[in-house]
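Worksheet: the structure to be examined is printed underneath.
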Amino acid sequence: MKLRSIKVFVLCHGLLQFSQLLYSSYFKSTLSTVERRYGLSSYSAGTLSSLHEVSNCVLIVFLSYFGNRVHRPRVIGIGGLLMSVSAMMLALPHFLSQPYDYDSVLLNRQDICDLQRNSSASESCGRDESRRLADTHTLWMLMAAAQLLFGVGSVPMQPFGISYIDDFAAPGNSPLYIAILFAVSVCGPAFGFLLCSVMLRINVDVDKIDSSVDQALSPGDPSWVGAWWMGLLITSACLALTSLPYFLFPRTLPSEGRMIGSESCVDFKKPHVSLSDFLKMFPRMFFHLLMSPLFLVLILAQCCFSSVIAGLSTFLNKFLERQYSASAAYSTMLVGAVNLPAVAVGMLAGGVVMKRTGMSLKNIPRFSVLMLSVSTLMCVPLFFMGCSTHKVSQVNHHQIGQHGSPSSLCYANCSCPSGTFNPVCGADSVEYVSPCHAGCINFTKSPDNAHAVQLYTNCRCIPGSQRHARPSPCANQCPHFLLPFILVLSAGALLACLTHNPMYMMLLRSVASEEKSFAIGVQFLLLRLLAWLPAPALFGVAIDTSCVWWKRVCGKKFSCGYYDNDVFRSRYLGLLVGYKVMGVALLAILGWKVLRTQEYSLEKRPNGVL
């Protein structure tokens, strides 16, 4: 059986892109949890999230060679199956690693002040700590290999899929089909974040421990790690199922709008050119394409806006967790339920605008500059929707004890391990890194849950008569900013996404039809090299430099315990706004360039060029 409808292909391609982005967004939304589970820095996590772009960049050259010479739907289907395998590989670290070990006085008395303990023993690097560091490195490499394989599988999706649609769709329907394609696929990240919200409410070791041990932590606890791996198995199944229909599509389809029953179809197969000859021709073809000012400036502008998307998709949920003390599950739910639907509505509305107005080459940059400028201005209030890091003893708050001595002396004899991290809130409204660092000698269990601590008592570092601490971080001072922040950010994203389809159609019409696959390949090559590959790592570095206290294992940085919230907010949002400003400036240059060029319509022409 053969599927011969371009509309069915649009549906299938939308579902596959939905599954691909479901996987990508799910994994990105679990990064803060993976950081906590395996002790990664934000730079390492950001690098991991973008590693699939490396294999994309390498293989895009060969993809450009094959272009329309291959059976495009079949190649897309094979790529989808490879992505399914990579999703299963990415879940393997959970099954290969030891059960999650966290600091708890119920599991290990090292988390509480013990005046009799040998201090040198608490600082030694034992076999368990050394193995923990080695496992972290090994498992990171495994996840990196899975990401590289995912990049191999995702290579043909956009160039082959979009060119296949544009080749066989009716002239007036192509913009709408592509808008629908992107709008449907954007639902993938929305469902990815919502799926993550559900999975992170389940204990990471639900398959390894009994339910009684599971009661020791709750999803709101800073040491909680959710079942990040479960969603990867679900996305792997989705990718496999949505890849199968591609093997039923023919190499070419009857062009939409021809008479029913017509056997004629479009065939763009080129004369045979050897791969070695193509590799010799590639640099000349590449630079020839970049010599077009419209193509080059438009690609650079898209790189700026793609960097914004990369920064938001990778670290927005972590930003919400740290700024407003939201749980990982709740922050990912907000992103999936509010921010990403706004993006989908914006993309679909942009396609409708293109369909209804037939927007010209001259008007696209004007429209884009206006919408993106307003979107950028809407980011300004976000800098003020936050608060400083609360007081943390010996991190950003240094108390003076009795007789003018530093408060750190109060736990000097407690033999607190340097790597312990189990925040408690003292009766003095100051947070302490652990009960041991608060000098707490005793504790009481919760009457409702024998596996939970109700209160830490006899805390030597807490002044006053009430020398106790609660087993949780101190309350955040500005949780009321969380919903306004996400609403303003989502409104700005909706306006920005109105420009997505117009700019994409402008790119498609800037090259000849026989060079379309090559041009799209070059576009994705540059987007990966200049945006998707470096941006997550750059945002990760900016976040790491705002860390003021690192948890250490064997003297090495393991994970960040506390950030300077003001610095975190200004650097993270500053990078986002900086990229947007650069993109708007490039579009303004593009608009000025178009004013000096004859105005064209974006309807198809026989030669496909502007």
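For the reader, a short list of remarks on this structure follows.
- Single unsatisfied condition, Val430 versus (1) within 24 Å of Arg569 (Cβ to Cβ); (2) touching a helix residue (DSSP H, G or I) at 6+ places or on another chain (Cβ under 9 Å): (2)
- Restricted to the range 324-369, and to residues there that are charged (D, E, K, R) and in contact (Cβ under 8 Å) with a residue 40 or more places away in the chain, the residue that is nearest to Thr499 (Cα to Cα) is Arg366.
- Test for Phe443: is it modelled with pLDDT of 80 or more, closer than 30 Å to Ala491 by Cα and open to solvent by 50 Å² or more (accessible area, probe 1.4 Å): no
- Any chance Gly521 is more than 27 Å from Thr357 (Cβ to Cβ) and at pLDDT below 95: yes
- The range 24-41 residues that are more than 16 Å from Leu320 (Cα to Cα), paired with ones that are among the aliphatic types (A, V, I, L, M) and assigned to a loop (DSSP other than H, G, I, E, B) (beta carbon under 8 Å, 6 or more apart): Val34/Leu40; Arg37/Val204; Arg37/Val225
- Counting the residues of the range 246-282 that are within 26 Å of Tyr504 (Cβ to Cβ), open to solvent by 40 Å² or more (accessible area, probe 1.4 Å) and modelled with pLDDT of 80 or more gives 1.
- Filter pass, Ala469 being at negative phi, open to solvent by 20 Å² or more (accessible area, probe 1.4 Å) and not β-branched (Val, Ile, Thr): no
- Of all positions in the range 456-464, at least one carries a residue that is in contact (Cβ under 8 Å) with a residue 60 or more places away in the chain, over 30 Å from Lys557 (Cα atoms) and open to solvent by 40 Å² or more (accessible area, probe 1.4 Å).
- Residue count, the range 530-567 (criterion: open to solvent by 30 Å² or more (accessible area, probe 1.4 Å) and under 20 Å from the mean Cα position of the chain (by Cα)): 7
- Subset tally (residues that are touching a helix residue (DSSP H, G or I) at 6+ places or on another chain (Cβ under 7 Å) and either at positive phi or open to solvent by 40 Å² or more (accessible area, probe 1.4 Å) (or both)) for the range 214-233: 3
- Within the range 201-209, one or more residues are surrounded by fewer than 24 Cβ atoms within 10 Å (Cβ to Cβ) and under 25 Å from Ser490 (Cα atoms).
- Taken over the range 150-182, residues that are assigned to a helix (DSSP H, G or I), under 27 Å from Cys57 (Cβ atoms) and out of contact with any Lys or Arg (no Cβ under 8 Å at 6 or more places or on another chain) amount to 13.
- Among the criteria (1) among the hydroxyl-bearing types (Ser, Thr, Tyr); (2) open to solvent by less than 10 Å² (accessible area, probe 1.4 Å); (3) at pLDDT 90 or above, the one Ser306 does not fulfil is (2).
- In the range 137-183, residue surrounded by the most Cβ atoms within 10 Å (Cβ to Cβ) [restricted to those that are within 15 Å of Ser24 (Cβ to Cβ) and of a type in the set (Val, Ile, Thr)]: Val155
- Count - residues of the range 568-585 that are open to solvent by 40 Å² or more (accessible area, probe 1.4 Å) and not polar (S, T, N, Q): 5
- 2 or more residues β-branched (Val, Ile, Thr) and under 19 Å from Thr420 (Cα atoms): qualifying strands (runs of 3 or more DSSP E) within the range 451-569: 453-459, 547-553
The rows are residues; the columns are (1) modelled with pLDDT of 80 or more; (2) assigned to a helix (DSSP H, G or I); (3) open to solvent by 60 Å² or more (accessible area, probe 1.4 Å).
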| residue | (1), (2), (3) |
| --- | --- |
| Met354 | yes, yes, no |
| Arg366 | yes, yes, yes |
| Leu370 | yes, yes, yes |
| Leu382 | yes, yes, no |
| Cys387 | yes, no, no |
| Val395 | yes, no, no |
| His403 | no, yes, yes |
| Cys414 | yes, no, no |
| Pro417 | no, no, no |
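The values are calculated or read from the model by the stated rules, or taken from the named source; none is laboratory data. Nothing here was measured: the structure is a model prediction, and the numbers come from that model. So basically every Cβ, Gly included, is an ideal-geometry build from the backbone, and we count neighbours across all protein chains shown. All accessible areas refer to the heavy atoms of the entire protein, side chains included, with ligands and DNA or RNA removed. Shrake-Rupley method; radii C 1.70, N 1.55, O 1.52, S 1.80 Å.
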